[in-house]
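Quick notes on the structure that follows.
All of the numbers you see were taken from the coordinates with simple rules; none came from a lab. Just so it is clear, the model here is predicted, and its values are computed rather than measured. Using ideal geometry, Cβ is built from the backbone for each residue, glycine included, and neighbour counts are taken over all protein chains shown.
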Amino acid sequence: MPLYICNARQGAIDGEAKQRIARDITDIHCAVTGAPPIFVHAVFFEEAAQFPLGDKTLAVRGTIRQGRSAAQKDEIASKITASLIRHGGIDSAQAAAEIRETPASWVLEGGEIMPEPGEEDAWFAAQQARREASEV
Amino acid sequence: MINCMCVIQAGQAPDQQRAALATALNRFAGEFLHEQLTVNWVPVPAGNGFTAGEPSTSSVVSLTAPEALSQTRRETLLRELVSLWTRQTGCSVDEIVAVIADPVQH
């Protein structure tokens, strides 16, 4: 977590564009929130019924840990939209990004309950300690 | 009825394994949440999943509990869910993200 789901019209973007968008999403999320890159997942689908495109060519739905400010969420959405426009070769009316939130305490990742935003260092230290203990 | 969404990377859970996973998820839901469960498989095509901007092997399993859970109870269920997933698929705990949400309050 976060999980960014990108849905696209059939053939709208190639593999190279997907990789670039995935890297942008990771960089944007980490720059805005300070979260570590390893938390950031991005997956791409074409015309997946579960994630309706509406009138868009490319759309991203990001589910992030609860606790970010409205300004942070707006910044993430606008920068991801810009990445879709740039790498998808589309105009602004064809791209959209929305951000939803999930409490960190509802998510287990890497074998541990996700940390609250800003508590990542302690989480990684606890995870490292658990790994070392399991190797003994 | 609980809807369980499973976002899985290409090749990680072939059809035969999915059937076993669905059975195990149903058993989990019956035993711990006292509800039946339907699995909505969302396979990620090869080359379409990324973690930290690089090709990913992570899957996501997400469901909503029929009633609000205490955090102690939720953590127990999440660990059980991850345990059954790693047992069935052979993946590591670093390759599975599990989410158990509370129902939306109206």
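Below, the figures for the structure above:
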| quantity | calculated |
| --- | --- |
| Criterion violated by A:I99 - all others in (1) within 16 Å of the chain's Cα centre (by Cα); (2) surrounded by fewer than 20 Cβ atoms within 10 Å (Cβ to Cβ); (3) away from chain B (no Cβ under 12 Å) satisfied | (2) |
| Exclusive hit being in a helix (DSSP H, G or I), under 16 Å from the mean Cα position of the chain (by Cα), among the polar types (S, T, N, Q) and more than 10 Å from every other protein chain (Cβ to nearest Cβ), set B:T23, B:T57, B:T72 | B:T23 |
| Residue match in region A:68-83 (condition: within 12 Å of chain B (Cβ to nearest Cβ), farther than 19 Å from B:A46 by Cα, among the small types (G, A, S) and surrounded by fewer than 19 Cβ atoms within 10 Å (Cβ to Cβ)) | no |
| Candidates A:G11, A:G111, A:G89, filtered to the one that is surrounded by fewer than 20 Cβ atoms within 10 Å (Cβ to Cβ), away from every other protein chain (no Cβ under 14 Å) and at positive phi | A:G89 |
| Matching residues, region B:94-105, being surrounded by fewer than 17 Cβ atoms within 10 Å (Cβ to Cβ) and part of a helix (DSSP H, G or I) | B:D94 |
| Count of region A:114-134 residues which are away from chain B (no Cβ under 14 Å) and either at positive phi or basic (K, R) (or both) | 1 |
| Close pairs (7 angstrom Cβ cut-off, 6 or more residues apart or separate chains): closer than 23 Å to A:Q66 by Cβ and at the interface with chain A (Cβ under 7 Å from one of its Cβ atoms) in region B:89-104, in a loop (DSSP other than H, G, I, E, B) and among the hydroxyl-bearing types (S, T, Y) anywhere | B:V97/B:S58 |
| Extreme residue, nearest to A:K73 (Cα to Cα), among residues of region A:20-60 that are surrounded by 16 or more Cβ atoms within 10 Å (Cβ to Cβ) and polar (S, T, N, Q) | A:T33 |
| Residue in region A:1-44 that is farthest from A:A82 (Cα to Cα), counting only those that are in contact with a Ser or Thr (Cβ under 6 Å, 6 or more places away or on another chain) and in a helix (DSSP H, G or I) | A:P37 |
| Set A:I90, A:I13, A:I76, A:I5: member being of a type in the set (V, I, T), touching a residue at least 40 places away in the same chain (Cβ under 8 Å) and touching a Cys at 6+ places or on another chain (Cβ under 9 Å) | A:I13 |
| Scan of region A:26-46 for residues that are more than 8 Å from chain B (Cβ to nearest Cβ) and among the β-branched types (V, I, T), ordered by number | A:I28, A:V32, A:T33 |
| Residue in region A:104-124 that is over 23 Å from B:A98 (Cα atoms), touching a strand residue (DSSP E or B) at 6+ places or on another chain (Cβ under 9 Å) and in a helix (DSSP H, G or I) present | no |
